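Down below is the structure, laid out as structure tokens.
Nothing in this text is a laboratory measurement; each read-out follows from the coordinates by a stated rule. Bear in mind that the values here come from a model prediction, so they are computed numbers and not experimental data. No Cβ is skipped: glycine too gets one built from the backbone with ideal geometry, and neighbour counts run over all protein chains shown.
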């Protein structure tokens, strides 16, 4: 639930449907002791197929994005709906392809993925997985929780970053910068450092949005 005079982060549906409900309270609206009038909200909505990720090349309609050094040497990528909360029950893969003499450097400047301790299944944690292969890489442990800025490098020309979420809780996810660098520049693999408009009368409004793609709602400003 949202109230007050602040803008919430972007809201993304968990699937193809989203219900937005506005409830007006007549007691607070017409109270003589009220400090001012509140006029509701104005919001922008979009129907998305790219999970709110606008960088890289999406493969089909799944949350899979590729980044190739022949297209761009440096860039930005982030979790779905960042800086809003990411959806539940999704798997997102980010594949990085360098040339034969390159490695991939990933620099995270924001990381907040819901989870605790080892991020294993028994902790019901969401997590991010790193790998030098398409399959699991035993070299890297799972990452979750809130972390300070950190860097991670691939061993070779390919690198995979994958986000796994469950149906429990959510967070804002991550934002990271990638770059393809010559192998001679690095030796360490990891390092760390540290329009819908509501009404103001006493009324309950329900907005029903349904389509076979994800839905993103961003409040542009509150009317007060």
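Would any residue of segment 160-186 have its amide N under 20 Å from a label point 7 Å out along Cα→Cβ of residue 117? List them or say none.
Answer for segment 160-186: 164-170.
Calculate the spin-label point distance for residue 135 paired with residue 3, positioning each point 7 Å from the Cα along the beta-carbon direction, and give it in nanometres.
So the label points at residue 3 and residue 135 sit 5.5 nm apart.
Could you grab the relative contact order for segment 53-192? Cα pairs under 8 Å, six or more apart, rounded to a whole percent.
Values: 353 pairs, mean separation 48.5, N = 140.
It rounds to 35 percent for segment 53-192.
Arranged by the count of other C-beta atoms within 10 angstrom, fewest first, what order do 116, 106 take?
Ranked by crowding around the Cβ, least crowded first: 116, 106.
Arrange 109, 137 by Cβ neighbour counts within 10 Å, fewest through most, would you? Present the calculation step by step, with values, prior to reporting the outcome.
Values: 109 12, 137 16.
Ascending Cβ contact count within 10 Å gives the list 109, 137.
Can you sort 86, 164 so the residue with the fewest Cβ neighbours within 10 Å comes first?
Details: 86 25, 164 19.
With the fewest neighbours first, 86, 164 line up as 164, 86.
At q = 0.11, 0.14, 0.18 Å⁻¹, what log₁₀ I(q)/I(0) does segment 57-130 have when each alpha carbon counts as one equal point scatterer in the Debye sum?
Per q value, in the given order, log10 I(q)/I(0) is -0.35, -0.57, -0.89.
Starting from the 7 Å offset along Cα-to-Cβ, what nm value, one decimal, do you get for the label separation of residue 23 and residue 58?
With each label point 7 Å from Cα toward Cβ, the separation is 3.4 nm.
Taking every pair of alpha-carbon atoms in segment 53-192, what share in percent sits in each 10 Å bin, from 0 to the bin with the longest distance?
So the P(r) values, bin by bin, are 12, 45, 35, 8, 0.
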